[in-house]
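Working notes, structure below.
The values are calculated or read from the model by the stated rules, or taken from the named source; none is laboratory data. Nothing here was measured: the structure is a model prediction, and the numbers come from that model. Don't worry about glycine lacking a Cβ; one is built from the backbone with ideal geometry, like all the others, and counts go over all protein chains shown.
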Amino acid sequence: MKEPQLDKYLTPYKWGKPILAGSGVSGAFDSHSVDCPFVFRHNDQFYMMYIGFDGLGYQTALACSDDLLHWKHAAVILKREEQSSRWDHIGSAGNWILKESDNLFDIPVLKKVNGRYWMVYHSYPGFGYESGPAEIGLAWCEDESLLQWNKLEHPVFSWKDGEDWERGGLYKACLIEHEKSYYLFYNAKDNIQGQWSEQTGAAVSTDLMNWQRLKNNPILSVSPGRWDSFFVSDPFIAQDNGYWLNFYFGYDKRHSQQGLAYSTDLVHWNKFEHPIIPHGNTGSLDETHAHKASIIHYDGVLYHFYCAVRTYCEGDITGGETNEFRCITLASSRPL
């Protein structure tokens, strides 16, 4: 497979400071950290869906911006339901909302199916940080304010009927539509405890409810001895000029870094050799990890939002509990 032109997807200019960070407020949904951005345009404004962690589990929120650089928290849209017996009562991590177009250079706007916007999220069965094997659910919204989301009663996709490489649970997923079918790309781990490996799989559906795994899963695997030797995770799928692109992250037991893979059929993928956003130098915002992409092209600039992690420093508003400061930042195709 011929490689696409890599330069047009690179964002070498790091913002170098948080655009969103945890509040540090006891009892708040984001008291410990924020994570997993998903950026789009809606009602003449930029929105970011993201998750917050409070020591017990994830909850999902929206933030708003006029310029993609300055963001303000708007609302929590998937809250904890401690009095419920639902499978996802501990917390829901919203990852992706179905878009009108998955072209990388189109402004991402949301798409309604049967009069509803559709969100994919995942949830863990235990209290704590990603405790137990997670499953994937869907939520829908008719309200143009995007504040009232309704979760389906049961998961739509589970590790329970999966293969050995995904028996440890399912993580962040993305949802696209192509040729009258829906594709769900997700990463999964092979063990619940101890050391595990994460790889990327895909499933297809015609109705969003019933999913069939692709036969050649995992479609994107780890590369032993390389920078993505243990994790190939958190797919962000887009298309451009006849290619499908997967902005994923790789992990080698030391650092997570953003990578890029490409395909012409959504099934067979090749990786570019090196990370496209490497972890930073000692003391930088992303000295430990630079991972979990959300990408938007606007006004001639490619904005690559990601989660940055570094060692906790005295004075950080969050991170003392885990000895790491975790926030959302960005890199761009030209200086901002």
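Could you figure out which of (1) closer than 26 Å to residue 334 by Cβ; (2) under 18 Å from the mean Cα position of the chain (by Cα) isn't true of residue 59?
Every condition holds for residue 59 apart from (1).
Pairs, please: C-beta under 6 Å, at least 6 apart or cross-chain, first residue free of Cβ contacts under 8 Å to residues at least 40 places away in the same chain and farther than 14 Å from residue 319 by Cα and in segment 20-42, second crowded, with 20+ Cβ neighbours inside 10 Å and polar (S, T, N, Q)?
none
Search segment 104-127 for residues that are over 21 Å from residue 234 (Cα atoms) and pair each with any residue that is exposed (fewer than 14 other Cβ atoms within 10 Å of the Cβ) and modelled with pLDDT of 95 or more when their beta-carbon atoms are under 7 Å apart and the residues are at least 6 apart or on different chains.
Once the first residue is over 21 Å from residue 234 (Cα atoms) and sits in segment 104-127, its partners that are exposed (fewer than 14 other Cβ atoms within 10 Å of the Cβ) and modelled with pLDDT of 95 or more give 115/142; 116/142.
Condition check: modelled with pLDDT of 95 or more and either surrounded by fewer than 18 Cβ atoms within 10 Å (Cβ to Cβ) or of a type outside the set (Asp, Glu) (or both). Does residue 234 satisfy that?
No, not satisfied.
Of these, 97, 192, which one is closer than 25 Å to residue 80 by Cα and crowded, with 17+ Cβ neighbours inside 10 Å?
Within the list 97, 192, the selection yields 97.
If residue 54 satisfies every condition in (1) touching a Ser or Thr at 6+ places or on another chain (Cβ under 6 Å); (2) over 30 Å from residue 117 (Cα atoms); (3) among the charged types (D, E, K, R) but one, which is the exception?
With (1) touching a Ser or Thr at 6+ places or on another chain (Cβ under 6 Å); (2) over 30 Å from residue 117 (Cα atoms); (3) among the charged types (D, E, K, R) applied to residue 54, the lone miss is (2).
If you go through segment 67-86 one residue at a time, do you hit one that is touching a residue at least 12 places away in the same chain (Cβ under 8 Å), buried (at least 23 other Cβ atoms within 10 Å of the Cβ) and under 21 Å from residue 135 (Cβ atoms)?
Yes - at least one qualifying residue is present in segment 67-86.
Does any residue in segment 178-191 that is more than 19 Å from residue 238 (Cβ to Cβ) come within less than 8 Å, Cβ to Cβ, of a residue that is in a strand (DSSP E or B) and among the aliphatic types (A, V, I, L, M) six or more places away or on a different chain, and which pairs are these?
Every condition considered, the pairs that remain are 188/170.
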